[in-house]
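The values are calculated or read from the model by the stated rules, or taken from the named source; none is laboratory data. Being a predicted model, the structure only gives us computed values, none of them experimental. Note that each Cβ is placed from the backbone with ideal geometry, even for glycine, and that neighbours are counted across all protein chains shown.
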Amino acid sequence: MATEGFLGYFVETRNYSATAALWKSLGFENVFETDHESGQWRHPSGGPYVFIAEQHDRELTTHPILQVADSAQFGKAAALKLSREFEPQHWGVVEAMVLDPDGREISLQAPQ
């Protein structure tokens, strides 16, 4: 089973306010912010969202987020080795992680 394409893009930063200002200057609008220096930004003309999360404790990561219609069926049909199985997340989806051939993470998200 294939994915349904790009849902979003996850970007970690050392300074949420500065990174949010950059995306705002590029035309993105804030959809919501959390109470812990993170938030989702979407462009008014559509396309994938950008989720920005402030991180200070480790090396920063950035990865694409792909939409999966049904996590149970995807796990059975995909010829991918998941680096993390589908797990419920606090934002109302289940998420799994796969690695590309160079070791970069790709988030797979499906409705919970």
Sole residue being modelled with pLDDT under 95, at positive phi and charged (D, E, K, R), chosen from Glu87, Glu37, Glu33, Glu95: Glu37
Residues within region 1-22 that are of a type in the set (Gly, Ala, Ser) and crowded, with 19+ Cβ neighbours inside 10 Å, tallied: 2
Filtered residue count, region 23-63, keeping only those that are of a type in the set (A, V, I, L, M, F, W, C) and crowded, with 16+ Cβ neighbours inside 10 Å: 7
Yes/no for Ala18 being among the aliphatic types (A, V, I, L, M) and modelled with pLDDT of 95 or more: yes
